[in-house]
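Trainee: Structure incoming, see below.
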Amino acid sequence: MKVLIAVTHLLGTGHLSRALTLARAFLAKGHMAQVVSGGFPAPQLNTDGIELLQLPPLRSDGVDFTRLLAEDGTLADRSYLASRQAALCAALQDLQPDVLITELFPFGRRSLRKEFLDLLKAAHALSRRPVILSSIRDILAPPSKPEKAEKTDAVITKFYDAVLVHSDPAATRLEASWPVSKALAGKMRYTGYVAPPAARPHPRLAGAGEVLVSAGGGSVGTPLYRAALEAARLMPDVPWRLLVGGADASARITDLSKLGSPARLEPARKDFRQMLSHAAASVSMCGYNTALDLLQAGTPAVLVPFDAGNETEQGLRAASLAPLNGVRVVETAHLTPETLCTAVKAVLQAPPRLAGGFRFDGAARSVDIAAELAGGRG
């Protein structure tokens, strides 16, 4: 079975990370998988063994997802967007996939609606139409207007065979963040969480005994980093390490270093998940992949959900995790070095947290669902 996964991450790298995990699951079961990425390259992510096709990249202008910036930092024009559409449709024609997966669309990426619709129309025009699936995380950004949900339903009805919801319904159902119509409910398939296998211990015990501060792979989190640098002064007996993401990580580290904190500063690392199992505590935002990493590792965690630009997804996810042992949530509006220290000390003293009954086999289950649908078409 040949599978094409189309994904564009515009701010952080969580969408691409999840797409890569799905691709590995298809490969592990003997299928061919190609990931077509429309966001900026993310060298901190492991792409070993995966066929990754890079489109002319886009990123959002900060949290303004209606303004898409090209590789040179200028506003992407029609010609640039057309080159992406052509490359994406060419990848479809070349691979002739049995399964096409669009990550997040049509529940998000509305600024790239034309690009995705062109891909879907091209897929339907193939001599053998592939099974078409939408891949979405546990919690979405709720639609600001009812019409957006209605338009999403219309696209799902016209083009898609199923919607893969990467959540454990016993923990979080899609209704928590998105209006689920009768038509949508009929196409939803809960897969469990999409996570790579739990990380093994770090061979050099990197991160052991440290407060590990991270903000994903994008150029975000500066207020969190600044608060953490000052918090490290207030907790001199505990080492702090900050992992800074984004293509401009070096420049950000240089700027943050001027604060003269005792905390260690370095770029985001590929071995982050291994470091978590040894860390005394984690301080992070609450994106999908980070939340799963923390649940798998059992690391005491302080969550500072990203809420710029009226984003609500991470806040909803953090609230669902707050009742667990060793988890504290600090809202951005209340983030200070002092509140951060208080939260870190609280999670360090909390009882251990176990993964319990959470399902982390969402990638393998997604493969089974895709194979079942593809096989059922003869």
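The values are calculated or read from the model by the stated rules, or taken from the named source; none is laboratory data. None of these values were measured; they are calculated from a predicted model. Neighbour counts run over all protein chains shown; Cβ positions are idealised from the backbone, glycine included. For accessibility, only protein heavy atoms count, side chains too; no ligands or nucleic acids. Shrake-Rupley method; radii C 1.70, N 1.55, O 1.52, S 1.80 Å.
Trainee: Mind telling me which of the residues Ser83, Ser111, Ser79 ends up being out of contact with any helix residue (DSSP H, G or I) (no Cβ under 7 Å at 6 or more places or on another chain) and crowded, with 18+ Cβ neighbours inside 10 Å?
Mentor: Just a single option satisfies the conditions, and that option is Ser111.
Trainee: What number of residues in the stretch 224-263 are open to solvent by 70 Å² or more (accessible area, probe 1.4 Å) and either out of contact with any Leu (no Cβ under 9 Å at 6 or more places or on another chain) or not basic (Lys, Arg) (or both)?
Mentor: Of the residues in that region, 9 qualify.
Trainee: Condition test on Ser282, is it crowded, with 17+ Cβ neighbours inside 10 Å, modelled with pLDDT under 90 and of a type in the set (S, T, N, Q)?
Mentor: no
Trainee: Take Leu88 and tell me if it is open to solvent by less than 20 Å² (accessible area, probe 1.4 Å) and either at pLDDT 95 or above or of a type in the set (D, E, K, R) (or both).
Mentor: Considered against the rule, which asks whether it is open to solvent by less than 20 Å² (accessible area, probe 1.4 Å) and either at pLDDT 95 or above or of a type in the set (D, E, K, R) (or both), Leu88 comes out as yes.
Trainee: Of everything in the stretch 332-343, what is within 19 Å of Leu212 (Cα to Cα) and open to solvent by 40 Å² or more (accessible area, probe 1.4 Å)? Give them in sequence order.
Mentor: Hits for the stretch 332-343 are Thr332, Thr336, Glu338, Thr339, Thr342.
Trainee: Please state which one of Arg24, Arg18 is in a helix (DSSP H, G or I), in contact (Cβ under 8 Å) with a residue 60 or more places away in the chain and open to solvent by 50 Å² or more (accessible area, probe 1.4 Å).
Mentor: Of the residues listed, the single one that is in a helix (DSSP H, G or I), in contact (Cβ under 8 Å) with a residue 60 or more places away in the chain and open to solvent by 50 Å² or more (accessible area, probe 1.4 Å) is Arg24.
Trainee: If you don't mind, there's one more thing I want to ask. Which ones in the stretch 264-279 are surrounded by fewer than 18 Cβ atoms within 10 Å (Cβ to Cβ), of a type in the set (Lys, Arg) and in contact (Cβ under 8 Å) with a residue 60 or more places away in the chain?
Mentor: Arg269, Lys270
Listed here are the residues, each with its yes/no results for (1) of a type outside the set (A, V, I, L, M); (2) surrounded by fewer than 23 Cβ atoms within 10 Å (Cβ to Cβ).
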residue	(1), (2)
Gly287	yes, no
Ala291	no, no
Ala297	no, yes
Val302	no, no
Asn310	yes, yes
Gly326	yes, yes
Val330	no, yes
Lys345	yes, yes
Ala364	no, yes
